[in-house]
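The values are calculated or read from the model by the stated rules, or taken from the named source; none is laboratory data. If you're wondering where the values come from, they're calculated on a predicted model, not measured in any experiment. When we count neighbours, we look across all protein chains shown, and the Cβ atoms used for this are built from the backbone with ideal geometry, even at glycine.
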């Protein structure tokens, strides 16, 4: 060692600098080499963490998959606390004709209270849904399905007609415990305390909830369910904090009271001042203006409808209403599905010039004084105008204001009727009393659009809001539902898009992108597409806040 010291002392100042620099380069290079080697022989995996707090606007009412209805908060909690049938299954098989589906459950399944979960629970769930006294929103989906017990672990479903997308029904079916609800009359389900203190089979189980004196529930406390059929969640305790408004929700995030939340208005992301990730997900849904041609004869004029469609500036709507976070949509099939026909889109692109050309082919003349097109006869002067029903939801009212101005650009007057969303659902949709209505269609993970466009669905509770009727479309929709050959499904879908686009029963607008706000360390939310906002929790057991490296 002394000899190296002696050599160093004989170095000049320049030589010492070179020597020290060489040593530093060697140390850094060695460190980098070790680092790269370590990364080459190891892989990063999620590590356990203690707690995550999700923020939600609203209140739980019935955390019960059978009677949850349309309350988004209930749906969120159900996704966390209950497992669907496929998650609980070891395997499933389908008969050649597609009418008989057999599901085999995993071994030793248990509810969060330790009781056994068997095929009896599956049969009880279906029977309860099909019982009209339960008033389950799932009744129509399971109507006519016969369920049989094969064994303690196997159950068989028999369909009246083949349904190629029945697997999606099984994936959505959350099983409820027979030992809890089997002793409760179906008409009393909504009175049970288990709707707020559920026993489930999901990745987390209920521990407790906290509420104010006025009854407002402020927090749900959940912890890992030791009987969960999949791998144990990486986050031990999952808490959900409830807030009255999105303003308070964002404030809670900025104050560090919650870790994450979903469904934020894109324009409000600028109100977040704490470090975060913005995670974007596609939801298979779209919004459109549905046209009731029976209510206004002018909607039967192809040139008028073409002009309405061409006059809508979707790009402007998406930029101003969604800060660019939405997909422009021109047809009832979304780009995420096989069989999507992109050629249909090119025929519907925004063009004020083309819209005016279409209208100039009609008898509607532009009145320079009013700015609207009119038809003048000996008896009267008629303005080209339409009325539209719009639910009082901020992004929908913003959308229709832009469209109103778009229509005015080509001389068409649009009268806005903005109503409470509840009134729209309970009254307007039931009576089909509108010329136009701005509304959304929520699809599944498959292109089954039967309920939206088949003529049998024209009247309530069907969802054919345009009262659309075309026998060719009916045949294609039925074929898509029953055909087990995917290539033939894709072919039918392509034909379907062309026909509906030519008939113009609606003006398709956009599909909003779902936004989730999370900490920068967040991971595990890897799905590109989620069917509903609640499906963000579908694989919540994979969520994590920490990682570690292990040897491959």
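In this structure, does residue 205 turn out to be assigned to a strand (DSSP E or B), in contact with a helix residue (DSSP H, G or I) (Cβ under 8 Å, 6 or more places away or on another chain) and more than 13 Å from residue 52 (Cβ to Cβ)? Break it down stepwise before answering.
On the way: assigned to a strand (DSSP E or B): yes; in contact with a helix residue (DSSP H, G or I) (Cβ under 8 Å, 6 or more places away or on another chain): yes; more than 13 Å from residue 52 (Cβ to Cβ): yes.
For residue 205, the condition - assigned to a strand (DSSP E or B), in contact with a helix residue (DSSP H, G or I) (Cβ under 8 Å, 6 or more places away or on another chain) and more than 13 Å from residue 52 (Cβ to Cβ) - is met.
Counting only strands (runs of 3 or more DSSP E) that sit completely within segment 302-395, those holding 1 or more residues that are under 22 Å from residue 449 (Cβ atoms), modelled with pLDDT of 95 or more and touching a helix residue (DSSP H, G or I) at 6+ places or on another chain (Cβ under 6 Å) correspond to 326-328, 385-391.
So is residue 233 closer than 30 Å to residue 329 by Cα, in contact with a strand residue (DSSP E or B) (Cβ under 9 Å, 6 or more places away or on another chain) and either loosely packed, with under 13 Cβ neighbours inside 10 Å or touching a residue at least 60 places away in the same chain (Cβ under 8 Å) (or both) or not? Criteria not met by residue 233.
Among the conditions (1) assigned to a loop (DSSP other than H, G, I, E, B); (2) out of contact with any helix residue (DSSP H, G or I) (no Cβ under 8 Å at 6 or more places or on another chain); (3) under 30 Å from residue 252 (Cβ atoms), residue 63 misses just one, which is (2).
Can you find a residue in segment 455-472 that is surrounded by fewer than 17 Cβ atoms within 10 Å (Cβ to Cβ), under 30 Å from residue 233 (Cβ atoms) and touching a helix residue (DSSP H, G or I) at 6+ places or on another chain (Cβ under 8 Å)? For segment 455-472, residues surrounded by fewer than 17 Cβ atoms within 10 Å (Cβ to Cβ), under 30 Å from residue 233 (Cβ atoms) and touching a helix residue (DSSP H, G or I) at 6+ places or on another chain (Cβ under 8 Å): absent.
Listed here are the residues, each with its yes/no results for (1) more than 25 Å from residue 293 (Cβ to Cβ); (2) outside the structural domain of residue 423 (by TED's automatic domain parsing); (3) in contact with a strand residue (DSSP E or B) (Cβ under 8 Å, 6 or more places away or on another chain).
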site: 326; (1), (2), (3): yes, no, yes
site: 332; (1), (2), (3): no, no, yes
site: 338; (1), (2), (3): yes, no, no
site: 358; (1), (2), (3): no, no, no
site: 374; (1), (2), (3): no, no, yes
site: 383; (1), (2), (3): no, no, yes
site: 389; (1), (2), (3): no, no, yes
site: 392; (1), (2), (3): yes, no, yes
site: 402; (1), (2), (3): no, no, no
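Residues checked against (1) free of Cβ contacts under 8 Å to residues at least 12 places away in the same chain; (2) buried (at least 17 other Cβ atoms within 10 Å of the Cβ); (3) in contact with a helix residue (DSSP H, G or I) (Cβ under 9 Å, 6 or more places away or on another chain):
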position	(1), (2), (3)
77	no, yes, yes
93	yes, no, no
108	yes, no, no
112	no, yes, yes
116	yes, no, yes
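Screening residue 294 with (1) farther than 25 Å from residue 524 by Cβ; (2) assigned to a loop (DSSP other than H, G, I, E, B); (3) in contact with a helix residue (DSSP H, G or I) (Cβ under 7 Å, 6 or more places away or on another chain) gives one miss only, at (3).
In this structure, does residue 249 turn out to be under 27 Å from residue 546 (Cα atoms), assigned to a helix (DSSP H, G or I), touching a strand residue (DSSP E or B) at 6+ places or on another chain (Cβ under 7 Å) and touching a residue at least 12 places away in the same chain (Cβ under 8 Å)? Give the derivation first.
Numbers: under 27 Å from residue 546 (Cα atoms): yes; assigned to a helix (DSSP H, G or I): yes; touching a strand residue (DSSP E or B) at 6+ places or on another chain (Cβ under 7 Å): yes; touching a residue at least 12 places away in the same chain (Cβ under 8 Å): yes.
Answer is yes for this residue.
Any idea which of 438, 384 is within 30 Å of residue 323 (Cα to Cα) and surrounded by 16 or more Cβ atoms within 10 Å (Cβ to Cβ)?
Details: 384 fails: within 30 Å of residue 323 (Cα to Cα).
One residue alone meets the criteria, 438.
Within segment 473-501, if we keep just the residues that are within 20 Å of residue 300 (Cα to Cα) and surrounded by fewer than 16 Cβ atoms within 10 Å (Cβ to Cβ), the residue that is modelled with the lowest pLDDT turns out to be 498.
Scanning segment 359-371 for residues that are under 29 Å from residue 266 (Cα atoms) and surrounded by 14 or more Cβ atoms within 10 Å (Cβ to Cβ) turns up nothing.
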